[in-house]
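Values quoted throughout were computed directly from the atomic coordinates according to the rules given, and no laboratory measurement underlies them. This one's a predicted model, so the numbers in the text were calculated from it and none came from an experiment. Using ideal geometry, Cβ is built from the backbone for each residue, glycine included, and neighbour counts are taken over all protein chains shown.
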Amino acid sequence: MSEKTKLSGLFDKASLLPAGIAGVVAFIIGVIFGLVVLGWWLWPVQWVDASPADLQQDYQSSYLEMAIEAYAFTGDAEAAQKRFTALGEKGPELLKALAKNPPPQLDPYIIGSFAAAVNQPLGEHGPIPAEPPPTEALSAGGGENATPEAEPTKVDVPPPATKKGKSIFSLVSLLCGISLLALLAAAGLFFWRSRQQSQTPMTPAQRARAATEAAAAQASDFEAEGREQPLSQFMTTYIHGDDLFDDSFSIDAPTGEFLGECGVGITETIGVGEPKRVMAFEIWLFDKNDIQTVTKVLMSEHAYNDEATRQRLAAKGDPVMAKPGEEIVLETEKLQLVARVVDMAYGEDALPANSYFERLTLELAVWPKA
């Protein structure tokens, strides 16, 4: 055999070693899992319908006592024989031991009557009657004037719980426990997330949405004012820090026909840095039947009073100074929009007073133009 062949054989054996070790480890893990987890815990061996011959000796003695009591109550020799035979080879020995040391509730004569019924001689351990006595013969005395004992009470003894029932109960308990733990874990996760969300500060856009929802209660009731109900009615809110603020809304007829759009967006800021300090907004109305979009510029007090700023922004639309309750009207060929300042506040810092908005809430209502 060449050196090359020998080396090849050695490498082949070396390559098989890890696979063998892995197989042994897998076998051990499989045995532990199958025996401990499956065999002893999840699906243990279950004894069902075991015969009296398979019981422990104490239980066999108890079974024999019950069989004797049943015979004393019914006088059924055939049933007594079947019950005695079920004890198997230990039956005669148990019967002799019971006759030698009878329990308080069993009269020796009753034990002897049972022994005769099952053809088991007791010898010196007790009397052997010639035939099974009738139930009335099992009284304390005889004769016409003898007072018979009270008839034994027939007691319904519930069957002992089987291991199968216990196993099912254990499995159900285990599943219930796992479900409870899962629910507790889900509740804990939900609580943790809720707490995290409550501790996380809201973004300006989120605060703006919350402010818009709160302002919905202040929406105008035009019918109560004696005016026609608008086609569309919207609320929008800007909060300082929402640098991407730009809301737009679709205007539709009662039939669902698209008529146009309207909206509000940032048009001018003051100062430098972030977040932006907005000093003017653009309110616009688009009519599908018109060739142009109508725009007006809603300005802060400082921006409106500054001549240069006002003239520069006038190129984008008619300038209007923002005031609480102020109404700005925009009209196209077929539509009319009324924008109302519901709420507003100016920011305060090193910039000029009343120069930029801290918050602004507008109501937009649109009617068909007569």
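Rounded to the nearest whole Hz, the Karplus-based 3J(HN,Hα) values (6.51 cos²θ - 1.76 cosθ + 1.60, θ = phi - 60°) of region 59-74 follow the sequence 5, 5, 4, 5, 4, 5, 4, 5, 5, 5, 4, 5, 5, 4, 7, 9, with x at glycine and proline. Between ILE291 and ALA370, the FRET efficiency estimated from the beta carbon spacing at R0 = 22 angstrom works out to 0.60. Among 230-239, 94-103, 291-300, the peptide with the highest mean count of other Cβ atoms within 10 Å heads the list, and the full ranking is 230-239, 291-300, 94-103.
Remark: the ALA50-ALA353 segment gains 99.5 nm on full extension, using 0.36 nm per residue and subtracting the alpha carbon distance.
Pairs exceeding a 25 Å alpha-carbon distance, out of LYS288/LYS369; LYS276/LYS369; LYS276/LYS334: LYS276/LYS369; LYS276/LYS334. Full extension of the chain between ALA182 and GLN105 gives 22.3 nm of extra length, using 0.36 nm per residue less the Cα-Cα distance.
Protection proxy ranking of 311-324, 64-77, by the mean of other Cβ atoms within 10 Å over each peptide's residues and highest first, is 64-77, 311-324.
Once the C-beta distance of ALA224 and ASP343 is scaled by a Förster radius of 25 Å, the resulting FRET efficiency is 0.80 to the nearest 0.05. In summary, region 209-368 shows an alpha-carbon radius of gyration equal to 1.04 times the 2.2 N^0.38 Å reference for compact globular proteins. Of the Cα atoms belonging to region 271-314, the radius of gyration and Dmax stand at 13.5, 41 Å. Were the residues from MET202 through THR74 laid out at 0.36 nm apart, the gain over their Cα-Cα distance would be 37.6 nm. Each peptide among 109-119, 208-218 gets the average number of other Cβ atoms lying within 10 Å of its residues, and from highest to lowest they stand as 109-119, 208-218.
Phi angles of region 318-332 translate, via the Karplus equation with coefficients 6.51, -1.76, 1.60 and θ = phi - 60°, into HN-Hα couplings of 4, x, 9, 7, 6, 9, x, x, 5, 10, 10, 10, 10, 10, 10 Hz per residue; Gly and Pro are given as x. Counting neighbouring Cβ atoms within 10 Å and putting the fewest first, the residues TRP284, TRP367, TRP192 line up as TRP192, TRP367, TRP284.
Each label point was placed 7 Å from the Cα along the Cα-to-Cβ direction; for VAL272 and VAL172 their separation is 7.7 nm.
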